[in-house]
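*Asks:* Right, I'll just put the structure down here and ask away after.
The values are calculated or read from the model by the stated rules, or taken from the named source; none is laboratory data. Fair warning: this is a prediction, and the values are worked out from it, not measured in the lab. Counting neighbours? That spans all protein chains shown, and the Cβs are built from the backbone with ideal geometry, glycine included. Remember, those area values only see protein heavy atoms, side chains included, never the ligands or the DNA or RNA. Shrake-Rupley method; radii C 1.70, N 1.55, O 1.52, S 1.80 Å.
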Amino acid sequence: MAPIENSEERYGIIAILLHWSMAILVIGLAALGIYMVMLPDVGFNSEKIVLIIFHKEVGLLVFVLLLVRWVWRATQTMPALDSQLPDWQKIAARSVHLIFYFIIFALPITGWVMSSAAGIPVSFFGIFTLHDFVRHDDLLFHQLIELHRWLGFALVFFIFIHVSAALWHHFVFKDDTLRKMLP
Ligand code: HEM
Ligand code: HEM
């Protein structure tokens, strides 16, 4: 079992739990997002509306977990990348991690501002409702839908690269890259 804190060699259990819980939620949200927007608009109680409300709540949960992850990360040593790796691979790996942090921050923010612009309040599992970020604005609403969509597609693209790299390291290079993110 991994120790609580990170070390030079591996991620600790808190970082591992945050990584995998967010990975599952984010992949689920992208799949749900793509599915729900394809459903036809019928009636107020349609499956589409229920799914969009659920998508927003889970999206906000990801945002809360992201803030926790950043605070935790700031207190931790970062495990070193394999010293055998060529520089370009180290830069590529770190860049994809940074891009992930940017995209997972930007998706909930654009989602929240988009909902405000549409005049629809965002509730967090009934615990609290977010204040509207901006006034009702149809043009902004449609621009943000586009931005949110492209961020979602970029996320899927980088997940593909990230997962391929992790599996390649594990099964082809047979190094510890994946193992250091496992309990
Ligand atoms: C990491 C978190 C999130 C991910 C990965 C994500 C991903 C996606 C994706 C892939 C779509 C489909 C886009 C399309 O094909 O048009 C979508 C749609 C949508 N998302 Fe998110 N989203 C996230 C967070 C949020 C949050 C926090 C909100 C609101 C508070 C939100 C509100 C919406 C809405 C309203 C739509 C439907 C837009 C439309 O009517 O076309 N999302 N999301
Ligand atoms: C589901 C398949 C996934 C696998 C097999 C996987 C694997 C890994 C591995 C092995 C690392 C450690 C890399 C290293 O330090 O050398 C890592 C780090 C990371 N992963 Fe994933 N990952 C997956 C999904 C995701 C998803 C969906 C996201 C986006 C939300 C993500 C975001 C990150 C970030 C940001 C880091 C860097 C952590 C840090 O140092 O702060 N991962 N991942």
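*Asks:* Would you mind telling me the share, in percent, of accessible area of the chain contributed by carbon and sulfur at probe 1.4 angstrom? Could the numbers behind the result be given before it?
*Replies:* Details: 8400 of 11420 Å².
Of the solvent-accessible surface of the chain, carbon and sulfur hold 74 percent.
*Asks:* Cβ neighbours within 10 Å, averaged per peptide: list 119-126, 146-153 in order, most packed at the top. Walk me through the numbers before you get to the answer.
*Replies:* Working: 119-126: 13.6, 146-153: 15.4.
My ranking of the peptides, most packed first, is 146-153, 119-126.
*Asks:* Right, something else. So which chymotrypsin sites (Phe, Trp or Tyr not before Pro) in the range 38-85 are both in a DSSP loop and have at most 12 other Cβ atoms within 10 Å of their Cβ? Spell out each step's value before the answer.
*Replies:* Numbers: sites: 44, 54, 63, 70, 72; in loops: 44.
Answer in residue order: 44.
*Asks:* Still on this structure, I have one more. Separation between the residue 72 and residue 23 pseudo-spin-labels, each 7 Å from Cα along Cα→Cβ, expressed in nm?
*Replies:* Label at residue 72, label at residue 23, 1.4 nm between them.
*Asks:* About the Cα centre of the range 13-181, how large is the charge dipole given +1 on each Lys and Arg Cβ and -1 on each Asp and Glu Cβ? Please answer in debye to the nearest 20.
*Replies:* Working: 11 positive and 11 negative charges, 96 e Å.
That gives the range 13-181 a dipole magnitude of about 460 debye.
*Asks:* Now a separate question. Which of rounded, prolate, oblate describes the range 122-183, given a ≥ b ≥ c as roots of the alpha-carbon gyration tensor eigenvalues and a/c under 1.5 marking rounded, otherwise prolate only if a/b is larger than b/c?
*Replies:* Values: a/c = 6.35, a/b = 2.17, b/c = 2.93.
It comes out oblate by the Cα gyration axes.
*Asks:* In addition: Treating the angle as unsigned and between 0 and 90°, give the value, to the nearest 10°, between the Cα long axis of helix 13-38 and the longest Cα principal axis of the chain.
*Replies:* 40
*Asks:* Related question: List the GluC sites (Glu not before Pro) in the range 1-98 that DSSP assigns to loop (not H, G, I, E or B) and whose Cβ has at most 15 other Cβ atoms within 10 Å. Which are they?
*Replies:* 5, 8, 9
*Asks:* Measure of size requested: the Rg and Dmax of the chain, with Cα atoms as the atom set and Å as the unit; please supply both.
*Replies:* Just the Cα atoms of the chain yield Rg and Dmax of 18.6, 59 Å.
*Asks:* A further question follows. Using Cα pairs under 8 angstrom and six or more residues apart, how large is the relative contact order of the chain, in percent? Provide the component values of the computation, followed by the final result.
*Replies:* Values: 174 pairs, mean separation 45.1, N = 183.
Relative contact order here is 25 percent.
*Asks:* Here's a follow-up. So, in Å, what gap is there between the alpha-carbon centers of the range 82-114 and the range 61-77?
*Replies:* For the range 82-114 versus the range 61-77, the Cα centre distance is 14 Å.
*Asks:* Report the net charge of residues surrounding residue 125, where surrounding means a beta-carbon distance below 11 angstrom and charges are Lys +1, Arg +1, Asp -1, Glu -1.
*Replies:* Working: positive: 56; negative: 57.
Taking every other residue near residue 125 into account, the sum is 0.
*Asks:* If you don't mind, there's one more thing I want to ask. I'd like the FRET efficiency for residue 84 and residue 5, computed as 1/(1 + (r/R0)^6) with the beta carbon distance as r and R0 of 35 Å, rounded to 0.05. Spell out each step's value before the answer.
*Replies:* Numbers: r = 25 Å, r/R0 = 0.72.
With a Förster radius of 35 Å, E is 0.90.
*Asks:* Residue farthest toward the positive end of the dipole of the range 13-181, with Cβ of Lys/Arg at +1 and Asp/Glu at -1: which of 117, 164, 39?
*Replies:* Positive-most Cα among the choices belongs to 164.
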